[in-house]
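Some notes on the structure that comes next.
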Amino acid sequence: MSDAPTPLLRAEGLTKTHHGEGAPVHAVRGVDLVVRRGEFVAVTGPSGAGKSTLLHLLGGLQRPDSGSIWLDGERADGYGEARWAVERRTRVGIVFQFFNLVSDLSVADNVELPALLAGVPPRRARAERERLLAELGLGGKERGMPDELSGGEQQRVALARALVNHPPLLLADEPAGSLDSKGTRDVMRLLSRFHERGQAILLVTHDARLASAADRVITFFDGQIVDDVELADEPAAPRTGTSGVLELRD
Ligand code: ADP
Ligand code: MG
C-alpha cells in the first residue's frame, strides 16, 4: 500500500455501450482515471468521443457496463438512483451545457433547493445562496425567473446551484458550450477562481483553448484516454494574440 492520500475520484476499467437505433455505440471503452483533491482536470476531445458519457458515469447519471468508481475511497458504482441523487447534492456538483434550471422556480429557489433537500436549515441555505449569487454577480436577480436571464447568467445560477452544498468535486460538461464569448469568459473565470480556492473540477470541453485553464488535460478519443498531461503552472510565454479565451480583455 502506498501513503498517497485517497483520491477524490477514482475510476477503473469503465466501459459503456449505448444501444440506440442502429449499431451499438461503444462510447467509453476502458477508462482508468484519478482526480485528486483540489485538482482542475480538463477532458477534451472531438464531438462524439464519449466525453459526456464518461461524465455521466462519474456522476451516476448513467451506469457503467463494467468497471468501478470510488468517491473518496468509497466504492460508488453500486449505488442506486437515490444514493446518487444524494451524492450529486453533496459530494459531486454537476453543471451542464444547457443549465437545466427549474423553469418555474425563481433564481433564489433554484440555488437554495439542493441545500434544503440536503437538510440545511432554511436560514443557512438563504445566507449561502445570497453569498454565492453576490459573488457570481447575480445579486439583483434573485427574484427573477430563469427565462428572464441571459444564457451566461443562467449558467452562473447553475454554477451556484451546483456549489451551494460545497461538493469537493465539480463536474462540468461543456458549461460554456452554448454561451457567447463574454459568457464563456465569465464562466471560465469563475471556474478558475473556485479552483484557486481549492475546488476540484473535472471540465469536459471540446474546446482545447478552454482546457488550457486546467492543471491537467486529458485527451479523449473514441472512448479512450489517449493523452494525459500536467500543464506547467506558468505559461512559457505570455498568451497574447492568436485566440484563447483567457487572454481576452474585458
Ligand atoms: P461527446 O460528449 O464526446 O460528444 P458522447 O458521450 O455524447 O460524446 O457520445 C459518444 C457516442 O455515444 C456518440 O456516438 C453518441 O452518438 C453516442 N451516444 C451518446 N449517448 C447516447 C444514447 N443515449 N443513446 C445512443 N447513443 C448515444
Ligand atoms: Mg458531450
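Each reported figure results from applying straightforward, stated rules to the coordinates on display, with no laboratory input. Nothing here was measured: the structure is a model prediction, and the numbers come from that model. All Cβ positions, glycine included, derive from the backbone under ideal geometry; neighbour counts span all protein chains shown.
Subtracting the Cα-Cα distance of residue 25 and residue 207 from their residue separation scaled by 0.36 nm leaves 63.2 nm. Plainly put, region 101-166 has a radius of gyration that is 0.92 times its Kirkwood radius, both from alpha-carbon atoms, as the Rg/Rh ratio. A Gaussian network model of the chain, with springs between Cα atoms under 10 Å, assigns the largest mean-square fluctuation among 165, 110, 100 to 100.
Less than 15 Å from a label point 7 Å out along the Cα-to-Cβ axis of residue 32: which backbone N atoms in region 55-84 qualify, by residue? Only 67-70 pass the distance filter. Here is the P(r) of region 135-221: all C-alpha pair distances, binned every 10 Å from 0, give 16, 51, 29, 4, 0 in whole percents. Using Cβ point charges alone (K and R +1, D and E -1), the dipole size of the chain about the Cα centre works out to roughly 580 debye. Label-to-label distance for residue 47 and residue 150 is 2.5 nm, based on points extended 7 Å past Cα in the beta-carbon direction. The three principal axes of the C-alpha atoms in the chain carry coordinate ranges of 49, 47, 46 Å, sorted with the longest axis first. Relative to the Cα centre, the charge distribution of region 105-157, modelled as +1 at Lys and Arg Cβ and -1 at Asp and Glu Cβ, gives a dipole magnitude of about 240 debye. Between residue 18 and residue 65, the contour length at 0.36 nm per residue exceeds the Cα-Cα span by 15.9 nm. 3J(HN,Hα) along region 29-36, derived from phi through the Karplus expression 6.51 cos²θ - 1.76 cosθ + 1.60 where θ = phi - 60°, amounts to 10, x, 10, 10, 7, 10, 10, 8 Hz, with x in place of Gly and Pro.
A cut-off of 5 Å between modelled amide H atoms, ignoring neighbours fewer than 5 places along the same chain, links residue 228 with 219. Its DSSP H runs of at least 4 residues, each contributing -39,500 (n - 2.57), put the calculated 222 nm mean residue ellipticity of the chain at -9000 deg cm²/dmol, to the nearest 500. Expressed to the nearest 5 percent, the antiparallel share of DSSP beta bridges inside the chain is 55 percent. Estimated at 0.36 nm per residue, the fully extended path between residue 82 and residue 127 surpasses their Cα-Cα distance by 13.5 nm. Among complete DSSP H helices in the chain, those whose alpha-carbon atoms stretch at least 15 Å along the helix's long axis and whose mean Kyte-Doolittle hydropathy reaches 0.0 are 107-117. The Cα-based radius of gyration of region 64-149, divided by its Kirkwood radius, gives an Rg/Rh of 1.05.
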